[in-house]
Amino acid sequence: MALAVVILLLVIGSVVFHFASPWWFTDIASDWGSIDFTINVTFWITGIVFVILNLFLAYCVYKFRQKDGHKAVYEPENHKLETSLSVVTTIGVVAMLAPGLFVWASFVTVPETATEYEVMGQQWQWAFRYPGADGQLGFAETALVTESNPFGVNLEDPRGQDDIIVTQPEMHLPVGKPVKALLRSNDTLHNYTVPQFRVKMDLVPGLVSYLWFDPQKEGRYDIMCQELCGIGHFIMRGAVVIEPQEDYDIWLAAQPTFAETQSMAPANIAAGQAAYAICASCHGAEGEGNIALNSPKIAGQQAWYLERQLNYFKNGVRGGPGDTNGAMMVGMANTLVDDAAVRNMSAYIATLQDTPSTPTITGDVANGANIYDSNCAACHLDSGDGTWYTDAPKLAGMSDWYFVTQISNFRAGIRGLHREDDYGEQMVSMATAMSGLEEIEDVAAYINTLQ
Amino acid sequence: MSLFKELTVKPWERKGIIGGLKAEGTFDTSPEKVALVFFVVVASVIFSLFAVSYLIRMELPDWAPLTEPTQLWFNTVLLVLSSVFFQWARNITKTDSNKNVMTAFVGAGLFAIMFIAGQYLTWENLQAEGFYMTSNPANAFYYLLTGVHAVHLLGGLWVWSIGLIRMISGTEAKELKLSIELCAFYWHFLLIIWLIMFALMANT
Amino acid sequence: MAYVPLADQDSEQELHHPKSWVTEWVFSQDHKVIAIQYGGIAIAVGIVALVLSLLMRMQLGFPDTFDLIDPSQYYQSVTMHGMIMVVYMLTALLLGGFGNYMIPLMVGARDMVFPFLNMLSVWTYFLSVLILLASFFVTGGPTGAGWTIYPPQATMAGTPGHDMGIVLMLASLAVFIVAFTMGGLNYVTTILQYRCRGLTMMRLPLTVWGLFIATILGLFAFPALLVSAVMMLFDTLAGTSFFMPAVIEAGTPLDYNGGSPILFQHLFWFFGHPEVYIVALPAFGLVSDVLSTHARKNIFGYRMMVWALIAIGGLSFIVWAHHMYVSGMHPYFGFFFATTTLIIAVPTALKVYNWVLTLWEGDIRLNAPMYFAIGFIFTFIHGGLTGLFLGNVVIDLPLSDTYFVVAHFHMVMGVSPVLVLFAALYHWYPKVTGRMFNEPMAKAHFWITFLGTYAIYLPMHYLGFLGVPRRYYALGETDFIPESAQDLNAAITIAALIVGVAQILFFINIFWSLRYGKKAGPNPWGSASLEWQTPDTPPVHGNWGAELPTVYRWAYDYSVPGAHQDFIPQNVPENEEPTADEQHFDPDHDQSKANL
């Protein structure tokens, strides 16, 4: 009896929950409305079946519950009833499947007008490549990937020279033009998902998969990875900006071509050295750092990381509210007038003698090792040396106190949440692997043993 | 009764004992044989899936076919002889003397052991010539398929050795009829699997 | 010489009667002891997986409050929870536990065909569990690659447990498959060859049919997992490139080239999809028998139920790639697999109709096993219908890899089989132990479990609609998921904690009743099928006393017109249906009407 009532209430509750729920698909931004249509068809058919079947179940339980003097009816089967139920079910299934197959047919048929772009996924970041004026992407493969050629474009392929290279995790597309995304991966499986576009597809190392859509609504949307790709899966984010053709053209023109990225003049180390005098007053002549001035050691750090951070300070991405020491760096970084000056400086610092800094932090090394090995080593490597591949700076032999303040800043949301801090948000999430100051110091103590 | 007919019976309509006074066994044979047939099907699925993987992997660009060593032909003859001896042992179990059955039974096992030894030597030779497992997927499949086949054969030899021990300790050949029958069946199966695998590797 | 069937042989099946405590309870060859061993190990390891799931829920529901697990432990929990529940808990409990207990009793045999092999099976299973649990204690911990253990990530740095953990996982699976094959050969051979006199296939209870088809599925499907595990072990230990393409590991190119990760996925799901039915079909069978017995009515459309089991079993081998719609495989496969997947909905729906129609015009005794069985119908309808979303290839595009998938498969192969397991455990408890369980406590257990799991999984579907991805340690900032999604997550976690803790009721009940429960009598539910007709309760080694039973009718003679009681046991001859004064059913022990 109670069971019949509860089933009835659950049916009513489920329906009410559905209609009262504010939780539903986010607004569509592509022309895949046909997918939403198929979902609605399926929703109504299955919803009606759910209600009818369960109400009938509740009725049976209520009506035929055991009563004295009552006896069950003997009926082994009713072939006619079973046949008609099969037919009705089959009709329902066809009604759901048919639109699905039609929509799938249009998903697998890419319109000829669609322009191509490439999405490259690797642990745990997105990068993008657009064909240049020739409308064709150059041949690329994982075996050719290097720090200066992150897509592994074949240097000999003339089609690749004018390819537009976007290494920030933000891509742009013009509104109202069908596009075909070619998907590649350098390491594990990933999945290129923009919920507003409705379509998604895995990136598989060793082959090129694809999907297509026609962006309809301007805006900035999150790109998420939706295929488990390792420990950083949940922090592998990017963004896609849908904008009018004119804005898109301006953005695209500002991005370097592949040829430009390959023919960049080498940094002028002498110029960097000349400019370094102003840095030396805090960071030391050898870049060894000075804890009294809150200046970390910079010698030994990779050039690409220094360059990025200097630009962040220049552009106010770092050194904002709450980061008083960082704020001092903003003014300093602004003495570097242009990109070339930043490059020269970074290149010079990278040439400085790397002497491991003196440990200032003690902690539970064993606990630190546990945390580091299972959470940090995936990007910063077992050796703590970091790598351009995962955008992870060197930690071993660097200032341990600076590590502690920066992790604390990430945890406090002082660093990493600025929209243009491309990989800062990853550290905001990963810093939660350490529960508080004590564990941060444990990890710092462990890193001290790595030098 | 055919399977289809049996499945359309309305079981509530007929009461009483169906099929006379015998117990119900779907197949008129020993349960060991039924179990072995099922095992053979399971093993066939394993080998088929390896073969399918082989065919799919073959289509990928880095595949470089392996020239199968001629020694494999010699090994194949050994396995055929092993099978023939088992069949012989099976045919004469009831009619012939214990001694002849034993000869056939022991011969079958020895040929199988020689086959495995031959396969092992082929591995050694290949490695000496620089065809390592990691050099190419075709090589990897060669080692994998021959290895898995040998493991199945070793399993059979384990049953064979139990039979051998019983035979030596004086068990009448007739009492080992079932073991010999099952071994013969299993050996023929492994021979067929080997021939298919060999053909697959030699022709690609 | 033609084979002489068992019952006609002079010397009956040789039983290895225990000679000491060790051979009676540890290395026993009695199928009932082996069943309890299988079940005990499965439930124990299931508790580990349950605890892991609660850890994950605490992280997801209250990311800032609890600091129990870090990202790598989260992924390890996801992986181990999934793998343990699917393979080491559900498969082992349903086939190893219920399969072992029910098959010989329901087919009227003294034991399995190969009792020694059966014993080897359970100990090999135990070994596989030990290897699995060992991975918690090695460097790097257990694998965190997800229960699908896809290459390349499973063996690459960046995934927890990519060195020792994954190797132990693969080794453990290989050992499990050996154990399953030993058990499985036993089950099918016993069902085919050891049925007692008069017991045709179409007179078997649906429990046996479900176990039979599921075992055949397992025998054909597990090889695919074995093959992929072996090839993956070669890739990671010997350096071959079966599945591994050229990849970069943390900036360093690895020495692999040309392998196909998608080939692994095909092999994995060729196992993985039938695996769903390896769990579901025995549950279908068990629940059919529980429903029929307590509705005092034959299972409606028995033939259709058998055909549907066979059809589902067959179809389950040609739907696997619906797990791979967005995997990057050739998109044209989508047409074929969407069609086969939706076709499988028809026989499945027929089973649901027939369960409900079994209740129609019945005389339903609403006791605890029946509560669980009816609860199962509700949850299975829900889970089955959401499957129609994911099977339909285009709807899978937005929903794949979101919480909708998680909610769907937990509803259909988590909650539903577990409700059946509880229904079956309560239903057969009196036969296994000879005592009744505590009915009010069992009902309390039902209400919390049934309502609690629905409170977990109904809202979870809506997280999926929102687009919340699965396998995220933390959601972080997005511009499309509202803050309220976190409230939903918190509510789900609270429900999960309550359900998790409430399972203690079950354990208290079965252990308490073992000692203090009312004596049950041989057939407390008035059940017609053979396992309730044993001369001893609980059945002793050998099951049937001096003589094997003979079967004269199908297993569902309930409420037959003209009969004096509302059921006729299978072993009652056709012209000797019991009269009112010589009932096979002892009214003093009639528990079926108690506690209503």
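The values are calculated or read from the model by the stated rules, or taken from the named source; none is laboratory data. Predicted model only: the values in this text are computed from it and were never measured. Glycine also receives a Cβ, built like all others from the backbone with ideal geometry; neighbour counts cover every protein chain displayed.
Name the helices (runs of 4 or more DSSP H) wholly within the stretch A:217-332 that hold at least 2 residues that are over 26 Å from A:Met427 (Cα atoms) and of a type outside the set (Asp, Glu)?
A:245-253, A:258-262, A:269-283
Considering only the stretch B:16-23, I want to know if a residue exists there that is of a type in the set (Val, Ile, Thr) and at the interface with chain C (Cβ under 10 Å from one of its Cβ atoms).
Yes, the stretch B:16-23 contains a residue that is of a type in the set (Val, Ile, Thr) and at the interface with chain C (Cβ under 10 Å from one of its Cβ atoms).
Is it the case that C:Val306 is β-branched (Val, Ile, Thr), within 14 Å of chain A (Cβ to nearest Cβ), over 24 Å from C:Asn367 (Cβ atoms) and out of contact with any Leu (no Cβ under 6 Å at 6 or more places or on another chain)?
Criteria met by C:Val306.
Against the definition (modelled with pLDDT of 95 or more, surrounded by fewer than 24 Cβ atoms within 10 Å (Cβ to Cβ) and more than 15 Å from the chain's Cα centre (by Cα)), how does A:Val204 come out, yes or no?
no
Quick one: A:Ala267 ticks every box in (1) modelled with pLDDT under 90; (2) surrounded by fewer than 16 Cβ atoms within 10 Å (Cβ to Cβ) except a single one, so which number is it?
(2)
Just checking, which of A:Gln168, A:Gln161, A:Gln125 is away from chain C (no Cβ under 12 Å) and touching a helix residue (DSSP H, G or I) at 6+ places or on another chain (Cβ under 6 Å)?
Unique residue meeting the criteria: A:Gln161.
State the number of residues belonging to the stretch C:192-216 that are assigned to a helix (DSSP H, G or I) and either of a type in the set (Gly, Ala, Ser) or modelled with pLDDT of 95 or more (or both).
Residues that pass the stated criteria total 11.
Going by the conditions given, is A:Tyr446 at pLDDT 95 or above, over 21 Å from A:Gly287 (Cβ atoms) and buried (at least 20 other Cβ atoms within 10 Å of the Cβ)?
Against the criterion (at pLDDT 95 or above, over 21 Å from A:Gly287 (Cβ atoms) and buried (at least 20 other Cβ atoms within 10 Å of the Cβ)), A:Tyr446 qualifies.
Residues are listed down the side, and each one gets a yes or a no for (1) over 23 Å from the mean Cα position of the chain (by Cα); (2) at pLDDT 90 or above:
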residue	(1), (2)
A:Arg318	no, yes
A:Ser374	no, no
A:Ser383	yes, yes
A:Pro393	no, yes
A:Trp401	yes, yes
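Does C:Ala546 satisfy the condition of being in a loop (DSSP other than H, G, I, E, B) and within 12 Å of chain B (Cβ to nearest Cβ)?
When the stated conditions are applied, C:Ala546 does not pass them.
Anything in the stretch B:163-192 that is farther than 20 Å from B:Val40 by Cα and β-branched (Val, Ile, Thr)? List them, or say none.
Once the filter is applied, which keeps residues that are farther than 20 Å from B:Val40 by Cα and β-branched (Val, Ile, Thr), the stretch B:163-192 yields B:Ile165, B:Ile168, B:Thr171.
Hey, any hits in the stretch A:425-432 for a residue that's surrounded by fewer than 21 Cβ atoms within 10 Å (Cβ to Cβ) and part of a loop (DSSP other than H, G, I, E, B)?
Scanning the stretch A:425-432 turns up no residue that is surrounded by fewer than 21 Cβ atoms within 10 Å (Cβ to Cβ) and part of a loop (DSSP other than H, G, I, E, B).
Quick one: which of C:Arg203, C:Arg197 is more than 21 Å from the chain's Cα centre (by Cα), closer than 26 Å to B:Trp12 by Cβ and more than 14 Å from chain A (Cβ to nearest Cβ)?
Answer to the selection: C:Arg197.
Out of the residues in the stretch C:65-79 that are facing another protein chain (nearest Cβ under 7 Å) and part of a loop (DSSP other than H, G, I, E, B), state the one that is nearest to C:Pro160 (Cα to Cα).
C:Asp70
How many residues, within the stretch A:358-412, are within 16 Å of A:Gln302 (Cβ to Cβ) and surrounded by fewer than 17 Cβ atoms within 10 Å (Cβ to Cβ)?
Of the residues in the stretch A:358-412, 2 are within 16 Å of A:Gln302 (Cβ to Cβ) and surrounded by fewer than 17 Cβ atoms within 10 Å (Cβ to Cβ).
Since A:Gln406 meets every condition but one in (1) at negative phi; (2) within 14 Å of chain C (Cβ to nearest Cβ); (3) within 23 Å of the chain's Cα centre (by Cα); (4) not aliphatic (A, V, I, L, M), which condition does it not meet?
All conditions are met except number (2).
Just need a number here: residues in the stretch B:43-102 that are within 14 Å of another protein chain (Cβ to nearest Cβ), assigned to a loop (DSSP other than H, G, I, E, B) and under 22 Å from B:Leu178 (Cα atoms).
Total meeting the criteria: 3.
For the stretch A:63-91, how many residues are closer than 30 Å to C:Leu397 by Cβ and surrounded by 19 or more Cβ atoms within 10 Å (Cβ to Cβ)?
1
For the stretch C:167-178, does any single residue satisfy the condition of being polar (S, T, N, Q) and outside any loop (DSSP other than H, G, I, E, B)?
Taking every residue of the stretch C:167-178 in turn, at least one turns out to be polar (S, T, N, Q) and outside any loop (DSSP other than H, G, I, E, B).
List the number of the failed condition for B:Glu32; all other conditions in (1) touching a residue at least 60 places away in the same chain (Cβ under 8 Å); (2) more than 14 Å from chain C (Cβ to nearest Cβ) hold.
With respect to (1) touching a residue at least 60 places away in the same chain (Cβ under 8 Å); (2) more than 14 Å from chain C (Cβ to nearest Cβ), B:Glu32 is out only on (2).
Return yes when A:Phe234 is of a type in the set (Phe, Trp, Tyr) and within 16 Å of the chain's Cα centre (by Cα) and no when it is not.
yes
Kindly indicate which of B:His188, B:His149 is surrounded by fewer than 18 Cβ atoms within 10 Å (Cβ to Cβ) and modelled with pLDDT of 95 or more.
One residue alone meets the criteria, B:His188.
Would you check which residues across the stretch C:450-476 are more than 27 Å from the chain's Cα centre (by Cα) and more than 7 Å from every other protein chain (Cβ to nearest Cβ) and list them?
C:Val468, C:Leu475 - these are the residues of the stretch C:450-476 that are more than 27 Å from the chain's Cα centre (by Cα) and more than 7 Å from every other protein chain (Cβ to nearest Cβ).
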